[in-house]
């Protein structure tokens with residue numbers, strides 16, 4: 001699934017990295033990055049759900065649930081764009097711009113959840 005953004009007319013797309021720095025990517029690089037983050041956050045959500053169905057320490061359960069909520073909140077615009085594209089709807093430039101503005105936070109919170117998951121394995 002390739003996410004084609006209305007921002008494609010830009011020669012470069014500037015976003016924030018997970019560590020808070022600004023970076024500019026070509027449209028193709030940006031699309032690959034967004035798709036990779038989308039796949040990782042979906043996988044992390046599945047793995048967190050599996051762990052939450054197991055017997056884990058109450059403190060670990062609370063941390064996993066909080067990390068997953070943070071990730072879902074940070075990745076909300078991305079998930080909305082993907083859902084609309086899957087339904088063959090046009091998400092519009094404002095939502096796509098929101099993805100550009102929030103993809104770094106989505107990536108960061110996904111990494112945080114991935115780390116918590118790795119600690120449980």
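Taken as a whole, the range 34-45 holds no residue that is over 14 Å from residue 104 (Cβ atoms) and touching a strand residue (DSSP E or B) at 6+ places or on another chain (Cβ under 7 Å).
Selection of the range 68-78 for residues being in a helix (DSSP H, G or I) and either out of contact with any helix residue (DSSP H, G or I) (no Cβ under 6 Å at 6 or more places or on another chain) or under 14 Å from residue 34 (Cα atoms) (or both) yields 69, 72, 73, 74, 76, 77, 78.
When the range 1-49 is filtered for residues that are surrounded by fewer than 13 Cβ atoms within 10 Å (Cβ to Cβ), modelled with pLDDT of 75 or more, assigned to a helix (DSSP H, G or I) and over 17 Å from the mean Cα position of the chain (by Cα), only 28 remains.
Among the residues of the range 78-113, the ones that are at positive phi and without any contact (Cβ under 8 Å) to a residue 60 or more places away in the chain come to 1 in all.
Among the residues of the range 79-103, what is the count of those that are assigned to a helix (DSSP H, G or I) and touching a helix residue (DSSP H, G or I) at 6+ places or on another chain (Cβ under 9 Å)? So the answer is 15.
For every residue, the table says whether it meets (1) modelled with pLDDT of 95 or more; (2) assigned to a helix (DSSP H, G or I); (3) in contact with a strand residue (DSSP E or B) (Cβ under 8 Å, 6 or more places away or on another chain).
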{"residue": "51", "(1), (2), (3)": "no, yes, no"}
{"residue": "56", "(1), (2), (3)": "no, no, no"}
{"residue": "60", "(1), (2), (3)": "no, yes, no"}
{"residue": "64", "(1), (2), (3)": "yes, yes, no"}
{"residue": "118", "(1), (2), (3)": "yes, yes, no"}
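The values are calculated or read from the model by the stated rules, or taken from the named source; none is laboratory data. Keep in mind that what you see is a predicted model, and the values were worked out from it rather than measured. Backbone-built Cβ (ideal geometry, glycine too); neighbour counts: all protein chains shown.
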